[in-house]
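One structure is given here, and the rest of the page talks about it.
The values are calculated or read from the model by the stated rules, or taken from the named source; none is laboratory data. Note that the structure is a prediction, hence the values are computed from the model and not measured. Neighbour counts run over all protein chains shown; Cβ positions are idealised from the backbone, glycine included. Surface accessibility is based on the protein's heavy atoms, side chains included, excluding ligands, DNA and RNA. Shrake-Rupley method; radii C 1.70, N 1.55, O 1.52, S 1.80 Å.
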Amino acid sequence: LLAVWTVYPLVMAFINGTKSCDSTGRRCNDVGWQQFSNVWQSKEFQHALGVSLKLALMTVPAGLILGVGLAVLADKHLRGIGFFRTAFSSTVATSVAVASLVWFVLLQPEIGVLSDLFHEWIPSLKQPGLLRDPGTALPAVALSSVWAGLGFTFIVITAGLQGIPRDLYESAYVDGAGSWRRFTNVTLPMLSPSILFITVVLTTRALQTYAEVSLLTGGGPNPEKSTTTIPYLIYGRNSVIQNNLGLKSAAAVLLFLISLVFAIVQFRGFEKRVQYAR
């Protein structure tokens, strides 16, 4: 299964990335490995890369902080806490497409609930609308993405919290550590493996964001194309390379390499700071 669905498509992407195709996508000629360099240096790819990195900077810290915060709050033995655990983790059962449509309706200037409630404090909710304003379209997409991924983060962090030995908290309490010191000196260090895992997953997911962009903004607003990420440049219906198999394959390979580099840097950078319970 790994060979059929992962290795083979990756090899074919490398091979197709050396081809240049006409507008129909059928007639392709070999142009060599130089095409990868040409795609990397193109203004379209550089713009899409910048948008993807901005989206990662918006979604990864926010998703991580919210996930950890909600998991810590829900890790209490209180009456009715099960309801909140279910609510916080519910988005894990929601597809990205459904989550995007929910936020599309909420943010619509004409019928959006948020637009009707808060347009006096945020006028751009009504005119031109967060998804239509080049300055707010990407943060609006980031908001939808964070909400959609929050359930997964919450579940992973909750599992990490349950694996922390309780005697560590008892020892810290006996030593006079308050709630904040127990959180910073016990909870966060013991959660470091889960935090590292979530950081890598959220970063990779941010770099691969497509559905939210396609459903919410279509890569726009145009002509700024302020939400055209690399995946949308590859697959988007309004992409300038939508019919060129060679350019799309080259861009996909570059996206894979960028994601791989980020993952390696994150593992190498945080490896020594990760602590495992014994």
Q | Hydrodynamic radius of the chain per Kirkwood, over alpha carbon pairs, in Å | A | 21.1 Å
**Q.** Separation in nanometres of the label points that stand 7 Å from Cα toward Cβ, at ILE155 and PHE14
**A.** 3.4 nm
Q) Any idea what the relative contact order of the range 1-153 is, in percent, if you count C-alpha pairs under 8 Å spaced at least 6 apart? A) 23 percent
Q: Find the relative contact order for the range 1-73 and round it to a whole percent, using C-alpha pairs within less than 8 Å whose residues are 6+ positions apart.
A: 16 percent
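Count the net charge of all other residues whose Cβ sits under 14 Å from the Cβ of GLY236, scoring Lys and Arg as +1 and Asp and Glu as -1. Provide the component values of the computation, followed by the final result.
On the way: positive: LYS225, ARG237, LYS248; negative: GLU44, GLU212.
Result for the local shell: +1.
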Q.
Between the range 237-271 and the range 124-157, what is the separation of their alpha carbon centroids in Å?
A. 22 Å
**Q.** Gaussian network model of the chain, springs between alpha carbon atoms under 10 Å - residue of VAL174, VAL72, VAL213 with greatest fluctuation
**A.** VAL174
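Quick check: residue separation of VAL265 and ARG237 times 0.36 nm, minus the Cα distance between them. What number comes out in nm?
On the way: separation 28, 0.36 × 28 = 10.08 nm, distance 3.28 nm.
The VAL265-ARG237 span can extend by a further 6.8 nm.
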Q: Please calculate the 1.4 Å probe accessible area of TYR169, with all protein chains present, and give it to the nearest 10 Å².
A: 40 Å²
(Q) Run the helix sum for the chain: -39,500 (n - 2.57) per DSSP H stretch of 4+ residues, divided by residue count, reported at 222 nm to the nearest 500 deg cm²/dmol. (A) -20000 deg cm²/dmol
Q. Where in the chain lies the longest segment free of GluC sites (Glu not before Pro) that are both loop residues by DSSP (not H, G, I, E, B) and have at most 15 other Cβ atoms within 10 Å?
A. 1-109
Q: For LYS76, go through the lysines and keep the ones whose alpha-carbon is under 29 Å away, minus same-chain ones fewer than eight residues off.
A: none
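For the chain, list the DSSP H helices whose alpha carbon atoms reach 18 Å or more along the long axis and whose average Kyte-Doolittle value is 1.0 or above? If you can, show how the numbers build up before the last one.
Values: long enough: 43-74 (46 Å, 1.33); 137-162 (38 Å, 1.58); 188-207 (27 Å, 1.57); 245-270 (37 Å, 1.87).
Going by DSSP H runs, the hits are 43-74, 137-162, 188-207, 245-270.
State, as an integer percentage, the relative contact order of the chain based on alpha-carbon contacts under 8 Å between residues 6 or more apart. Intermediate values should be presented prior to the final figure.
Details: 373 pairs, mean separation 82.2, N = 278.
For the chain, the relative contact order is 30 percent.
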Q: Mind grabbing the accessible area of CYS21 for me, 1.4 Å probe, Å², rounded to tens?
A: 10 Å²
Q: Taking H placed 1.01 Å from N in the peptide plane, check which residues at least 5 places from LYS19 or on another chain put their amide H under 5 Å from its amide H.
A: VAL31
(Q) For the chain, set up a GNM with springs between Cα atoms under 10 Å and report which of SER124, SER89, SER42 has the largest fluctuation. (A) SER42
Q) Hey, in the GNM for the chain with a 10 angstrom Cα cutoff, which one of ARG27, ARG79, ARG166 fluctuates hardest? A) ARG79
**Q.** Hits among aspartates and glutamates - C-alpha to C-alpha of LYS126 under 18 Å, sequence gap 8 or more where chains match
**A.** GLU110, ASP116
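Multiply the residue separation of HIS119 and ILE164 by 0.36 nm, subtract the distance between their alpha-carbon atoms, and state the gained length in nm to one decimal. Before the final figure, lay out the partial values.
Numbers: separation 45, 0.36 × 45 = 16.20 nm, distance 4.46 nm.
Gain in length upon complete extension: 11.7 nm.
Just to be sure I follow: if Rg is taken over the C-alpha atoms of the range 79-225 and Rh is the Kirkwood radius over the same atoms, what is Rg/Rh?
Details: Rg = 19.7 Å, Rh = 17.8 Å.
Across the range 79-225, the Cα-based Rg/Rh ratio is 1.10.
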Q) If R0 is 45 Å, what FRET efficiency do you get for ASN29 and GLN275 from their C-beta distance, rounded to 0.05? A) 0.25
Q. Lysines near LYS54 by alpha-carbon distance under 23 Å, same-chain residues fewer than 8 away left out - which ones?
A. LYS43, LYS225, LYS248
